[in-house]
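The values are calculated or read from the model by the stated rules, or taken from the named source; none is laboratory data. Predicted model, so just to flag it, every value in this text is computed and none were measured. Here the Cβ is made from the backbone with ideal geometry for all residues, glycine too, and neighbour counts use every protein chain on show. In case anyone asks, the SASA skips ligands and DNA or RNA and just uses the protein heavy atoms, side chains included. Shrake-Rupley method; radii C 1.70, N 1.55, O 1.52, S 1.80 Å.
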Protein chains: 2
Amino acid sequence: MQIQIVAPDAKSVSCSFRDSSEFVKDDKGVWIGTTRSLDEGFHYYTIKIDGAEVPDPNSKYFFGAMRWGSGVEVPAKDEEFYSVKNVPHGQLREVLFFSASTDMTRRAFVYTPPGYEQDLEKRYPVLYLQHGWGENEYGWGAQGHAGLIMDNLIAEGKTKPFIIVMTYGMTSDIRMGGMANFDIKHFEKVLVEELVPYIDSHFRTLSDQPHRAMAGLSMGSMETKAITLKHLDKFSHIGLFSGATISKEDVDKTEGFRDKVKLVFVSYGSKEVGGAGAPRRGGEPEANTKGLRDAGINSHYYLSPGTAHEWQTWRRSLREFAPMLFASETEKAN
Amino acid sequence: MQIQIVAPDAKSVSCSFRDSSEFVKDDKGVWIGTTRSLDEGFHYYTIKIDGAEVPDPNSKYFFGAMRWGSGVEVPAKDEEFYSVKNVPHGQLREVLFFSASTDMTRRAFVYTPPGYEQDLEKRYPVLYLQHGWGENEYGWGAQGHAGLIMDNLIAEGKTKPFIIVMTYGMTSDIRMGGMANFDIKHFEKVLVEELVPYIDSHFRTLSDQPHRAMAGLSMGSMETKAITLKHLDKFSHIGLFSGATISKEDVDKTEGFRDKVKLVFVSYGSKEVGGAGAPRRGGEPEANTKGLRDAGINSHYYLSPGTAHEWQTWRRSLREFAPMLFASETEKAN
């Protein structure tokens with residue numbers, strides 16, 4: 001990708017993509033640099049001008065790394081699955097709910113599928129979907145394109161329609177100062193005791209355990225594992241993207257797992273696991289997942305080809321995960 | 001307001017607020033400057049670092065001046081009316097609708113009032129609400145706080161609940177290159193022939209003329225005047241914030257005006273009209289409005305104290321305008 005910025009009096013300009021070319025100033029005061037060949041999909045970045053790290057004034061802004069900043073979309077060969085098409089669209093709704101445990105009004109985004117406003121008798125299953133570290137409740141709707149992914153899957157008949165709820169998951173991190181002190185219990189309370197009842201009373205949900213799922217990316221997958229395994233009376237489908245996995249040991253030590261969990265989905269970008277120099281996250285995810293399947297658990301593993309710990313991996317993960325959700329239960333309920 | 005930015009190697013730093021102090025670098029490489037005393041409310045701004053005009057990395061980002069950039073909220077003595085309170089909240093919904101006339105999927109934001117998801121029999125009047133030049137469909141929901149203003153008014157019983165629809169109004173400007181070539185007919189078609197039917201088929205609206213209003217700020221008020229006067233079969237309530245006014249001549253030359261128009265609301269910031277050196281916009285708005293009232297038209301004029309052509313004027317305008325909308329018609333319909 002080429003980056004241009006007008007900075008006639010600057011002495012040096014650079015960007016946060018490693019291995020970028022040196023930026024050179026042309027005779028109009030425009031600095032031009034070229035990044036290395038970037039993976040397909042979405043990337044956060046910043047520009048540095050004489051030591052000041054700033055957003056690119058020519059970009060749109062997204063929340064990542066604990067602040068609003070620039071992001072770029074590198075066209076992907078498979079971008080069709082999250083592109084805007086002339087199909088029925090759902091709605092992405094910003095909702096505000098009061099949280100007694102944190103004594104504040106909190107924000108969530110709620111995706112309702114196409115048709116939600118037409119057939120007012122119909123009720124829907126719900127997926128609670130979490131962002132990663134340093135991101136927030138905007139992530140899945142904005143850079144994640146969760147709504148478009150769902151609209152397109154539904155238009156093609158590939159998934160049952162369901163509601164998606166996205167809220168801020170770093171509840172205690174903000175207060176305590178850093179991941180080292182992160183304690184899941186604050187977020188767990190907000191999600192399970194406050195947000196779930198709010199959603200069930202403000203949306204036409206199917207509010208029983210078989211119709212409630214949770215998934216998350218990176219830190220959100222850790223939260224998903226911790227919360228779902230502790231509340232199997234409330235969640236039946238589990239999605240872990242680029243982070244946690246569930247092992248046979250987890251199953252054995254979690255009472256009721258075999259009866260209550262209808263799906264374990266684990267995914268990674270291919271550049272996250274194996275391969276030279278790639279970090280191996282979450283133990284042995286593929287082996288773990290196979291182990292679960294051998295033990296009779298409905299368990300799936302997905303590896304996103306050619307992507308790293310980034311949004312293209314998670315968009316594809318949602319595309320793969322959604323069709324497996326509520327596949328039989330929804331039939332029964334409707 | 002004090003602005004700080006880390007820029008250790010910069011030669012000069014400034015900001016876009018006129019009459020700001022010179023920025024001075026401290027021994028840690030932080031440049032610090034102070035703006036003049038700013039009017040209460042919301043302001044767009046940029047920072048300039050060695051000739052590069054960039055957003056402030058410490059701000060949130062808003063769309064204005066045809067791009068996403070920094071905005072700052074100066075606490076206002078009356079900010080309580082758009083603050084987040086523990087009251088029932090409506091939803092701000094992002095919807096995508098296909099527009100045949102522009103051959104693309106377009107975005108709108110739709111505010112639905114608290115209770116919309118509880119009583120599924122109830123239908124609501126609709127206000128179409130437009131942003132100003134260089135802004136977009138995010139403006140009223142983000143920097144305008146339209147949702148919070150309505151939530152608070154409704155909680156206090158000061159306004160009837162209604163739906164607000166906000167979409168992008170510079171439809172032809174984008175294509176044609178600049179306001180000089182702006183032709184209302186493209187946006188008029190999108191709004192009247194495409195968006196209104198979409199909203200009426202996807203939301204529980206009262207879809208007759210008495211229950212449909214339009215308002216806008218600045219350029220949006222020009223659009224509102226042009227579109228409502230041409231489509232009095234569709235719109236009954238008219239709000240003009242900081243821009244257009246309607247004169248006795250307009251009434252006389254517009255067939256059916258006296259029968260069909262139930263409200264004309266005109267507003268300005270006090271710093272926009274009269275006063276030394278202040279621009280006098282839209283002719284003689286107060287005199288025009290009084291002239292309409294003398295002629296028997298339900299007409300109201302509001303002057304926002306101490307504010308200019310900025311969002312604080314428009315937030316207050318919505319607060320004043322909303323309670324006058326659908327005041328009697330809603331009773332009849334429900």
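The table below lists the values:
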| read-out | value |
| --- | --- |
| Label-reachable residues, the range A:185-200, where backbone N falls under 14 Å from a point 7 Å from A:M104's Cα toward its Cβ | A:186-187, A:190 |
| Solvent-accessible area, 1.4 Å probe, carbon plus sulfur percent, for the range B:2-75 | 50 percent |
| Other copies of A:K185: label-to-label distances in nm, shortest first, labels 7 Å along the beta-carbon direction | 6.8 |
| Long-range HN-HN contacts of A:S12 with modeled amide H, under 5 Å | A:D50 |
| Most mobile of A:F182, A:F62, A:F109 in a GNM of chain A (Cα contacts under 10 Å) | A:F182 |
| Where a label projected 7 Å from the Cα of B:K85 along Cα→Cβ would reach, residues of the range B:119-159 with amide N under 11 Å | B:149-158 |
| Peptide-level mean, for A:185-197, of C-beta atoms on other protein chains within 10 Å | 0 |
| A:M324 accessible area, assembled protein chains, probe 1.4 Å, Å² | 60 Å² |
| Among A:V87, A:V72, A:V266: highest mean-square fluctuation, GNM of chain A, C-alpha pairs under 10 Å | A:V87 |
| Label spacing, shortest first and in nm, from B:P323 to its equivalents in the remaining copies (7 angstrom along Cα→Cβ) | 5.6 |
| For the range A:2-75, Kirkwood radius (reciprocal of mean inverse C-alpha pair distance, Å) | 12.7 Å |
| Nm distances between copies for B:N86, ranked from closest, using label points 7 Å along Cα→Cβ | 5.0 |
| Note, ³J(HN,Hα) from phi for the range A:78-89, Karplus 6.51, -1.76, 1.60, rounded to Hz, x at Gly and Pro | 9, 5, 3, 6, 10, 8, 7, 10, 7, 10, x, 10 |
| Sorted peptide list for B:149-156, A:159-166, B:77-84, B:116-123, criterion being average Cβ within 10 angstrom, highest first | A:159-166, B:149-156, B:77-84, B:116-123 |
| Rounded, prolate or oblate (a/c below 1.5 giving rounded, otherwise prolate when a/b exceeds b/c) for the protein assembly as shown by Cα gyration tensor | oblate |
| Under the Debye formula (equal points on every Cα, no solvent term), log10 I(q)/I(0) of the range A:80-333 at q = 0.08, 0.12 Å⁻¹ | -0.28, -0.66 |
| For A:V74, residues with placed amide H under 5 Å, excluding near neighbours | A:G41, A:F42, A:H43 |
| Beta bridges per DSSP with both ends in the range A:80-333, % antiparallel, nearest 5 | 35 percent |
| Inter-chain Cβ neighbour average for residues A:58-70, partner chain, 10 Å | 3 |
| Heavy atoms of B:D259 accessible to a 1.4 Å probe, total area in Å² rounded to 10 | 120 Å² |
| Helix-only [θ]222 nm of chain A, DSSP H runs n ≥ 4, -39500 (n - 2.57) each, per residue, nearest 500 | -6000 deg cm²/dmol |
| The protein assembly as shown, dipole about Cα centre (Lys/Arg Cβ +1, Asp/Glu Cβ -1), debye to the nearest 20 | 440 debye |
| Whichever lysines have a C-alpha closer than 18 Å to that of B:K248, once near sequence neighbours (fewer than 8 apart) are set aside | B:K225, B:K230, B:K260, B:K262, B:K290 |
| Amide H partners (placed H, <5 Å) of A:F17, local residues excluded | A:T46 |
| For B:78-88, mean number of other protein chain Cβ atoms within 10 Å | 2 |
| Contour excess over end-to-end distance, with Cα ends at B:K122 and B:K230 and 0.36 nm allotted per residue | 35.9 nm |
| Spatial separation of Cα centroids for the range B:215-262 and the range B:1-27, in angstrom | 45 Å |
| Peptides ranked, highest mean first, by Cβ atoms within 10 Å: ranges A:310-319, A:38-47, B:185-194 | A:310-319, A:38-47, B:185-194 |
| Accessible area buried, both sides summed, chains B and A with 1.4 Å probe, Å² | 3400 Å² |
| Per-residue ³J(HN,Hα) for the range B:286-293, Karplus 6.51 cos²θ - 1.76 cosθ + 1.60, θ = phi - 60°, Hz, x for Gly and Pro | 5, 5, 4, 5, 5, x, 5, 5 |
